[in-house]
Amino acid sequence: MTVTAKPVNTFTTAIGLIARLLPLPFAFVAFSWFVFTLHARDAYYTVLALLLPKRRVGRVIKKGDPGFDGMWPQYCAPREGDSRSPCPGLNVLANHGILPRNGKNISYKEMSLAIQKAFNLSPTLGDQLTSSAFLVDQGRGRIDLYDLNALGIVQHDASLTRHDIAFVADQGAPDSFLVNRFVEHATHSKNNRRRFSLGDMAYYNGLRRAECRDSNGQYSMVYSFFHKFFGSGNCALLYSIFDGDAEDLKVFLEEERFPHGWEPKVRSAHGHPILFAQITTLMVEFNTHEGQKLRPGDQFFNQRLLKLKSK
Ligand code: HEM
């Protein structure tokens, strides 16, 4: 059977161009509307957070929700075939069975509600974080956690707990060396517990960017303000939700489980709003400097050694 190719000429090219441009204004309006309504709703939660008394220590998780009274559902490490993401926050929820333990076929609503309850986030911050998964779902409305591995959508280089994807293809598990080195950078203390200051977070963020850029020929963060912002946003979440507590962060990041009896340290009555998270994010981002002087004992980790080891 002979197959005749469709004609290609100026007219067909113009039609193709129009077909691609037409949806753009609709997408732009839909996106702007989402951002506008999200922030309008967030203004409400910010006012509540400023005016209402905070939840009591020991009672941050509501009665009936997983984690009430420090009782988290049983932790099980991921098994062969389970789907895990580059995000410790979501992996922890799957490891405790608050999200499906196999990490598969999770809807946005399920994710948003789960993170709101477990970390005491406002519905708006829950929806904003969840919306970052929209770009990987291919229109299905559900994702497997592993889908979040896609580089350059939300996942980026210079993470705190994972080597760059150019060297470690599966971003679903933390690297113990990186977690321990991160935790060692907490220089402050509160109630006899070591904790991160915002300065510690910004310093380590800068160190990771500089060393990953130095050793990764495919480094993708140089001109991406958004991904830098996401990275600083993650530092800000750890700082606020854990009050920078280094021991709790070690358990959370290395084992991807909740420490025994843990509860979120953000205590706003209706959850931590986007505005608070954004302010902390900007404080981390604009104090992150790749060219900073290294602290004594610090040196760049050379990711190329990982490649050599695995050959
Ligand atoms: C449904 C909501 C969420 C989605 C879709 C999501 C997605 C992601 C993705 C794709 C990454 C990888 C970024 C990278 O390459 O470093 C990431 C990292 C991270 N996420 Fe989430 N996340 C969500 C909620 C949360 C929550 C509630 C927390 C609270 C603790 C959290 C904490 C973190 C942290 C600390 C990292 C950085 C890990 C690292 O740098 O090694 N995330 N998240």
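Tell me whether segment 106-129 contains one or more residues that are on the phi > 0 side of the Ramachandran plot and either in a helix (DSSP H, G or I) or surrounded by 16 or more Cβ atoms within 10 Å (Cβ to Cβ) (or both). Quick ask: steps written out before the conclusion?
Keep residues of segment 106-129 that are on the phi > 0 side of the Ramachandran plot, which gives 120.
Okay, now just the ones that are also either in a helix (DSSP H, G or I) or surrounded by 16 or more Cβ atoms within 10 Å (Cβ to Cβ) (or both), so 120.
Yes - at least one qualifying residue is present in segment 106-129.
Among the residues of segment 212-249, what is the count of those that are of a type outside the set (A, V, I, L, M, F, W, C), in contact with a helix residue (DSSP H, G or I) (Cβ under 9 Å, 6 or more places away or on another chain) and closer than 28 Å to LYS190 by Cβ?
Here the count works out to 8.
Could you check how many residues of segment 117-144 are away from the ligand (no atom under 11 Å from the Cβ) and under 15 Å from GLN155 (Cβ atoms)? Step through it out loud before you land on a result.
Taking segment 117-144 and keeping what is away from the ligand (no atom under 11 Å from the Cβ), we get 122-124, 138-142, 144.
Add one more test, that the residue is under 15 Å from GLN155 (Cβ atoms), and what stays is 144.
Residues flagged as away from the ligand (no atom under 11 Å from the Cβ) and under 15 Å from GLN155 (Cβ atoms) within segment 117-144 amount to 1.
Quick one: which helices (runs of 4 or more DSSP H) lie wholly within segment 196-311 and hold at least 2 residues that are more than 21 Å from the chain's Cα centre (by Cα)? Spell out how you get there, then give the answer.
Numbers: elements: 198-215, 225-241, 246-250, 274-285, 304-310.
Those helices (runs of 4 or more DSSP H) span 198-215, 304-310.
I'd like to check something: does segment 92-114 contain any residue that is within 8 Å of the ligand (Cβ to nearest atom) and either over 28 Å from GLU247 (Cβ atoms) or among the aromatic types (Phe, Trp, Tyr) (or both)?
Yes, because at least one residue in segment 92-114 is within 8 Å of the ligand (Cβ to nearest atom) and either over 28 Å from GLU247 (Cβ atoms) or among the aromatic types (Phe, Trp, Tyr) (or both).
If you go through segment 145-173 one residue at a time, how many are out of contact with any Leu (no Cβ under 9 Å at 6 or more places or on another chain), among the acidic types (Asp, Glu) and near the ligand (Cβ under 8 Å from one of its atoms)?
Qualifying residue count for the region: 0.
Within segment 81-97, is there a residue that is more than 27 Å from GLN218 (Cα to Cα) and in contact with a Gly (Cβ under 7 Å, 6 or more places away or on another chain)?
Narrowing segment 81-97 to residues more than 27 Å from GLN218 (Cα to Cα): 81-82, 92-97.
Subsequent filtering for residues that are in contact with a Gly (Cβ under 7 Å, 6 or more places away or on another chain) retains 82, 94.
Yes - at least one qualifying residue is present in segment 81-97.
Within the set of pairs 6+ apart or on separate chains, which have a first residue in segment 299-311 that is within 16 Å of ALA169 (Cβ to Cβ) and charged (D, E, K, R), a second that is modelled with pLDDT of 65 or more and assigned to a loop (DSSP other than H, G, I, E, B), and C-beta atoms under 9 Å apart?
ARG304/PHE167; ARG304/ASN216; ARG304/GLY217; LYS307/ALA166; LYS307/PHE167
The values are calculated or read from the model by the stated rules, or taken from the named source; none is laboratory data. Everything quoted here is computed from the prediction, not taken from an experiment. So basically every Cβ, Gly included, is an ideal-geometry build from the backbone, and we count neighbours across all protein chains shown.
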